[in-house]
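The values are calculated or read from the model by the stated rules, or taken from the named source; none is laboratory data. Being a predicted model, the structure only gives us computed values, none of them experimental. Heads up, the Cβs are rebuilt from the backbone with ideal geometry, glycines too, and the neighbour counts pull from every protein chain shown.
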Protein chains: 2
Amino acid sequence: MNQDYIVPAPWAVIEEGFERERVKSSESLFSIGNGAMGQRANFEEEYSGKTFQGSYIGGVYYPDKTRVGWWKNGYPEYFTKVLNAPSWIGIKVKVDGESLDLNTAKSVSKFRRELNMKEGWLGRSFEAELQNGTQLKVKSKRFLSLEHDELGAINYEVTPLNKDVSISYEPYLDSGITNEDTNWDDKFWNTLEVAEDGNKAFISAHTMKTFFYVCTAMSNTFTVDGKEISLTLKTNKTDSYIGHVYETDIREGETFAIQKYAGYITSFNHDKDDLKKAATSVLDIALEEGFDSLLSKQKEDWAAIWSMADIVIEGDVKAQQGIRFNIFQLNQTYLGKDARLNIGPKGFTGEKYGGSTYWDTEAYCLPFYMATKDQEVARNLLTYRYNHLEKAIENAQKLGFKNGAALYPMVTMNGEECHNEWEITFEEIHRNGAMIFAIRDYVNYTGDYSYIPEKGLEVMIAVARFWKQRATWSAKKEQFVILGVTGPNEYENNVNNNFYTNYLAKWCLSYAVEHTKKVAKEFSSDYKRIAEVTGVSNEELNSWINISEKMYLPFSEEEGVYLQQDGFLDKELVTVADLDKAERPINQKWSWDRILRSPYIKQADTLQGFYVFEDHFTEEELKKHFDFYEPFTVHESSLSPCVHAIQAAKLGQMDQAYEFYLRTSRLDLDDYNKEVHEGLHITSMAGTWMSVVEGFGGMRIKDDMLSFAPKMPKAWEGFSFKLNFRNQILKVAVGKDKYIFSLDTGDDLDILVDGKQIRVTSDAAVEV
Amino acid sequence: MNQDYIVPAPWAVIEEGFERERVKSSESLFSIGNGAMGQRANFEEEYSGKTFQGSYIGGVYYPDKTRVGWWKNGYPEYFTKVLNAPSWIGIKVKVDGESLDLNTAKSVSKFRRELNMKEGWLGRSFEAELQNGTQLKVKSKRFLSLEHDELGAINYEVTPLNKDVSISYEPYLDSGITNEDTNWDDKFWNTLEVAEDGNKAFISAHTMKTFFYVCTAMSNTFTVDGKEISLTLKTNKTDSYIGHVYETDIREGETFAIQKYAGYITSFNHDKDDLKKAATSVLDIALEEGFDSLLSKQKEDWAAIWSMADIVIEGDVKAQQGIRFNIFQLNQTYLGKDARLNIGPKGFTGEKYGGSTYWDTEAYCLPFYMATKDQEVARNLLTYRYNHLEKAIENAQKLGFKNGAALYPMVTMNGEECHNEWEITFEEIHRNGAMIFAIRDYVNYTGDYSYIPEKGLEVMIAVARFWKQRATWSAKKEQFVILGVTGPNEYENNVNNNFYTNYLAKWCLSYAVEHTKKVAKEFSSDYKRIAEVTGVSNEELNSWINISEKMYLPFSEEEGVYLQQDGFLDKELVTVADLDKAERPINQKWSWDRILRSPYIKQADTLQGFYVFEDHFTEEELKKHFDFYEPFTVHESSLSPCVHAIQAAKLGQMDQAYEFYLRTSRLDLDDYNKEVHEGLHITSMAGTWMSVVEGFGGMRIKDDMLSFAPKMPKAWEGFSFKLNFRNQILKVAVGKDKYIFSLDTGDDLDILVDGKQIRVTSDAAVEV
């Protein structure tokens, strides 16, 4: 563990005490979001110390021109990134003419931050003594409204403690912002208008190149000791800034508060000519409702989310805090309302990885959203890829593939590939298979087969065509091989016959054949449309079957395991336990070539295959592969421990499972990888949910039924979670000696518990 | 062949007719150099069309900050590049106030360029009609002096053809220049002073970061119809420019000429405070000698070079022009006077590849310089690497190697690695072996064993230590393997057990043992010093022997060939002949992954091993490997055809050998790869020399003797070349029915001809 300043608490993330070195990390950890926009926990008042400013708007991006050392054919021209948007949170505070700035204040005490996950707000309080001797108490609370998802609200209050003072607030908007992450120091925003209307202020700007129009707007109200007061304003204005200055005299002990209402209205959701009008409406709603009323609605809305998504862990407050933090951040990032949006690896908490969509969505996030939201949300995630199918076909064409083959991008915002490392961009092609098992998982879980004839089959056909062309015949092996790939373990590049990739390709081909035939038989009008669009034929299906059947899978008779790739056994097989700790993490200590020729595995690879295709292998096989690969796994990807946790739990290795669980659930809170200042690991948070539900709960879908095989870590007294299964809400509570299953409403539900079929009814809980 | 505008001529490169699209290509082809500096064939007068300005100074470089998409541990911070230096050639010409500019002139006719290779100068002539109706005849001639290698001289003359006119010349110096190739648009030069003294002008500047101080200087004289005249000057001056304007009236038919003497005096060779004084001395010498006298000395100096280095080909003027162009450019680039300099892939003709040193020097250039220069020149090339040994050890340390292991850089200027593609920088490690076989080649050819105890052994030990640590034990194969490398064929990356690399490592280890033992026995004082510095021990030698003996070499019993790498036979083995021509060159048509999984070979790889270690393999084995690998070789590296030419000739496949020869010798003249505008392929030109001498001449060293096995292409009547062998000059003339060997001077020389020993004496030629 690398840090321990986060105070354990079941429903909150709490920081006590002010330390400059923690500011950037806390800015990530205390981020807020509402699925449509997000805000790092930057201070409202000025701060001259080290900080990483970040305000982000879902779907608003900038295509940053690719930067490489040596261009390779096929590289995309742009890396599309979520960009830092005009600042809406800022409130400059002056007391008797001196700026409040925690970096320059004479002293700071009683500093406390709280991210209240239950109610969905961020609070901060502290006392400070300024250079001019004034002692102040400051409190702020802010949230991004779930109900009005273009709106943020801040209540900020200052109480002078040792004298009467003059306080001025300058709430402002600022579009003169930059990105931390930029390839060429491009200017990302063009400001069109800085305007005001009474106590409302507006900045209209558009992103360069992509021309997303955004109106950032604010309006402010004031109270003294809770009583509304009216103040006249002075305006400070530049080409890209507007501040409204409000000043008044405050007596010692009185509390002067500002309520800032602000937000983004964008052409992503409105006609670009109506943005200011729409912004005015949003501000009017906020002014009418007021801060307290908005906040109490916020609590209700979060209560609704939690009532479905919460996981309760008894007897282990750190584990409890960890899982809630993960669930909270996932919901802050994506609520599934809009099929154009997706879940970036850093959500709205940083800029790394461009804020775009990776295969993480299909492999890690989908199960969480399927089980904790309405079915439509998961379907929206699938539809996102369906809508990008044409671009995926174009992407494959750029790499020389033909005849409607699709290669989904490694990273994307709008369907176009953004990544530019050949070993990833061109070779980490297993991502293409994740699109297909996500469809399988969705259909198995929801029972909604209609997605396949309506949308999924076209994706399956295009992906099958890719695998057909990408596999080549080895005259030596007399089997089909897949050469030059990077598997999920990115610590091997350009290897031949990565087991995970080959197995996935083999399965994708046979799955596509199975469902093409099924749709042809059972959904003839859909099939007619699809056959027309794709030109798929029986001959083509036969060629897929042939490749699938003759796909080579590297296997060692001696070790009795599938090999991660052809050359794995030629490596020096020194386990992680025998590796000098000073050499860890290898991605920071070793040069790339050394990592590549080592046996160390960044994240589950062959074991990822055993996870995705669990029912294709026996538990004995799993044990054998887990025992072989786990000792070489360094888990230097956030996506790794959760898979190992689930498998360790299945194998009954509960101490190990618990260790992996803690690592995944508190990855950011405890900053295992010393990088939380860059933002949170949002997508791996869904892996944490899987660790509990699939790992400790043993949840699977078997024979169209929910199946459980609960196993509890020693440290826990009990745990419980809910699942939305085909529109019925099942609550699962696991205790030391018993499991309790209960249904919120609806028909009886048959489930499997440790292999036995049990009927749960909505009248009473079933104890097992 | 992609262009054919170069007029065939035995001793000159000639272009006739002015075409704008050819300007940048001709600027490369007509480049001049003197080993210390170089100049692209940019026009003296202003030219507003597309041009690539380039003036370069040997050893003066700029460390351009590395640009990559995704940083990997171990990448170097800088890419060191030869940089465009202040311009010294410019002469602005105005006629009746109108600038002479071939891009805007009303018409241009009789345009002719000649690069006179025999005498070492560039000439140009044309007639032009200006917009103001004046018709002019223009002639220029320029050269970079071999004798005074800080000096260039230009004679530029204008004759008005249809009226009396006023002509002004503005010879100038300009340090406000930029690089075509720059990572971050850095400013490369800082101008310190722009000064003049009578008709001498000076610009003092230094390179940013590296602080090379350079004084660029000029002085000019004038003639009308050959008679010296004196003109008063006006000065045009800015912060980074000085021009001297001379104007006079000239009658129709009279010729007004300017002689511009200019050049670079640098802190590479002088104290930085004495540069202006030294520049004045150089200009004074030039002014005293005058253009004609300097030029006639130039002819003498080139005659001396040619008397040793020329290859005469009878009956094939294109082949003749090709080989002379190659020999000429090599001599323009490097004359071997200074062990701090080396041979960049583009010499002084462009900026690509940074102008630094690659393994090309050891593998391709050394034989040429050994045979056509004094022995000291080749020794200087080896010493260059000896001087960089400490940096090579540091470079290896950065990648995790220990105990004095050295990894020579892929590209360098000062010993530090510059390259930044992991698959090359970290993995194309065979370059390390080239350092060692270069020592072997030098000792075998020159008989100068002293280099090994004095310098070479330390390099051998450090390189052996690298191989020891880089090879790993495969428990599966029970042999040592070398994982994750890029061989000479850069169309495969991160492969396991590249035959060439493994074989080279095996040999380097055993060669180091052999010579450590020999030096210990025969050069005890040297050994004592080396043992103290390196700490080499018998135990260490034994470990090298062990690895060398147990080195795995991939071999296919079925095909009867060594495999380029472990996975080669898994590829789809479609030959180049069966590849659609529209797909070529694959490096421009295919995405990188597709290239990597294809069987296509960029340049000799396994066959490179058969070239370097020719005497380790039988002719039958060579034939087998040539027949296996040649059909997959696309020769998309300039370094490829020469090796294949030599091997085809050895195998008696003369048509093929001749085809390869033409391809290597006229690569730039005929612009096979459509890139000559970027500069010439200097290092591969030495490969052309090898094609003739080793390929068609069959020259080898056997039992300490020169050995020949001449074979002539059908198209030729005969060919001849000279070799400096251990300070004796042997001339070899190959005719249709006979070979003639003659010695310039010295003792009798025993040589082998087609396996038979023959004595050549200095009295008379020997006919065989």
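Observations
- Qualifying residue in the stretch B:147-154 (condition: touching a strand residue (DSSP E or B) at 6+ places or on another chain (Cβ under 9 Å) and within 14 Å of another protein chain (Cβ to nearest Cβ)): no
- Hey, residue A:357 over 17 Å from residue A:723 (Cβ atoms) and either of a type in the set (Val, Ile, Thr) or in contact with an Asp or Glu (Cβ under 7 Å, 6 or more places away or on another chain) (or both) or not: yes
- Of all residues making up the stretch B:553-571, the number that are under 35 Å from the mean Cα position of the chain (by Cα) and assigned to a loop (DSSP other than H, G, I, E, B): 8
- Complete set of residues in the stretch B:635-660 that are hydroxyl-bearing (Ser, Thr, Tyr) and either assigned to a helix (DSSP H, G or I) or within 15 Å of residue B:710 (Cα to Cα) (or both): B:658
- Per this entry, residue A:617 is not counted among residues that are over 22 Å from the mean Cα position of the chain (by Cα), closer than 21 Å to residue A:365 by Cβ and surrounded by fewer than 20 Cβ atoms within 10 Å (Cβ to Cβ).
- Search result, residues across the stretch A:79-95 that are part of a strand (DSSP E or B), over 17 Å from residue A:208 (Cβ atoms) and either within 14 Å of another protein chain (Cβ to nearest Cβ) or of a type outside the set (S, T, N, Q) (or both): A:91, A:92, A:93, A:94, A:95
- Lone unmet requirement of (1) more than 22 Å from residue B:431 (Cβ to Cβ); (2) touching a residue at least 60 places away in the same chain (Cβ under 8 Å); (3) more than 14 Å from every other protein chain (Cβ to nearest Cβ) for residue B:609: (1)
- Whichever residue in the stretch B:373-395 is under 16 Å from residue B:434 (Cβ atoms) and among the aliphatic types (A, V, I, L, M) and, among such residues, is surrounded by the fewest Cβ atoms within 10 Å (Cβ to Cβ): B:389
- Test result for residue A:283, assigned to a helix (DSSP H, G or I) and in contact with a helix residue (DSSP H, G or I) (Cβ under 8 Å, 6 or more places away or on another chain): no
- Annotation note: of B:626, B:696, B:721, the sole residue that is over 24 Å from residue B:324 (Cβ atoms), modelled with pLDDT of 95 or more and either crowded, with 19+ Cβ neighbours inside 10 Å or touching a Cys at 6+ places or on another chain (Cβ under 8 Å) (or both) is B:626.
- The stretch B:64-78 - residue that is hydroxyl-bearing (Ser, Thr, Tyr) and closer than 17 Å to residue A:592 by Cα and, of those, nearest to the other protein chains (Cβ to nearest Cβ): B:66
- Counted residues, the stretch A:307-317 - those being surrounded by fewer than 19 Cβ atoms within 10 Å (Cβ to Cβ), in a helix (DSSP H, G or I) and under 22 Å from the mean Cα position of the chain (by Cα): 2
- Some residue of the stretch A:497-507 being closer than 24 Å to residue A:378 by Cβ, away from chain B (no Cβ under 14 Å), surrounded by fewer than 24 Cβ atoms within 10 Å (Cβ to Cβ) and modelled with pLDDT of 95 or more: yes
- Of all residues making up the stretch B:449-462, the number that are within 25 Å of the chain's Cα centre (by Cα) and farther than 21 Å from residue B:613 by Cβ: 1
- Pairs linking a residue in the stretch B:239-266 that is surrounded by fewer than 21 Cβ atoms within 10 Å (Cβ to Cβ) to a residue that is of a type in the set (S, T, N, Q) and assigned to a loop (DSSP other than H, G, I, E, B), with Cβ atoms under 7 Å and 6 or more positions apart or on different chains, are B:240/B:175; B:252/B:162.
- Scope the stretch B:736-764; condition in contact with a Lys or Arg (Cβ under 9 Å, 6 or more places away or on another chain) and under 25 Å from residue B:316 (Cα atoms); matching residues: B:740, B:741, B:742
- Residue list for the stretch A:465-485, filter: in a loop (DSSP other than H, G, I, E, B) and within 10 Å of chain B (Cβ to nearest Cβ): A:475, A:476, A:477, A:482, A:483, A:484
- Close pairs from the stretch A:382-394: first over 15 Å from residue A:410 (Cα atoms), partner part of a helix (DSSP H, G or I) and aromatic (Phe, Trp, Tyr), Cβ under 7 Å, at least 6 apart: A:382/A:442; A:382/A:451
- Total residues in the stretch B:401-418 satisfying the condition of being surrounded by 24 or more Cβ atoms within 10 Å (Cβ to Cβ) and either at pLDDT 95 or above or assigned to a loop (DSSP other than H, G, I, E, B) (or both): the figure is 10.
- When residues of the stretch B:550-564 are limited to those that are within 23 Å of residue B:613 (Cβ to Cβ) and at the interface with chain A (Cβ under 10 Å from one of its Cβ atoms), the one surrounded by the fewest Cβ atoms within 10 Å (Cβ to Cβ): B:556
- Filtered residues of the stretch B:110-141 (kept if out of contact with any Phe, Trp or Tyr (no Cβ under 9 Å at 6 or more places or on another chain) and either among the aliphatic types (A, V, I, L, M) or under 25 Å from residue B:299 (Cβ atoms) (or both)): B:123, B:130
- The residue of the stretch B:508-533 that is farthest from residue B:479 (Cα to Cα), among those that are under 33 Å from the mean Cα position of the chain (by Cα) and surrounded by fewer than 19 Cβ atoms within 10 Å (Cβ to Cβ), is B:514.
- Each residue in the stretch A:565-589 was checked for being loosely packed, with under 13 Cβ neighbours inside 10 Å and facing chain B (nearest Cβ under 9 Å), and 1 pass.
- Residue B:476 vs. criteria of a type outside the set (S, T, N, Q), under 23 Å from residue A:572 (Cα atoms) and touching a residue at least 24 places away in the same chain (Cβ under 8 Å): no
- Among the candidates A:452, A:429, A:436, A:461, the residue that is within 14 Å of chain B (Cβ to nearest Cβ), outside any strand (DSSP E or B) and among the hydrophobic types (A, V, I, L, M, F, W, C) is uniquely A:429.
- Verdict on residue A:623 being basic (Lys, Arg) and more than 21 Å from residue A:492 (Cα to Cα): yes
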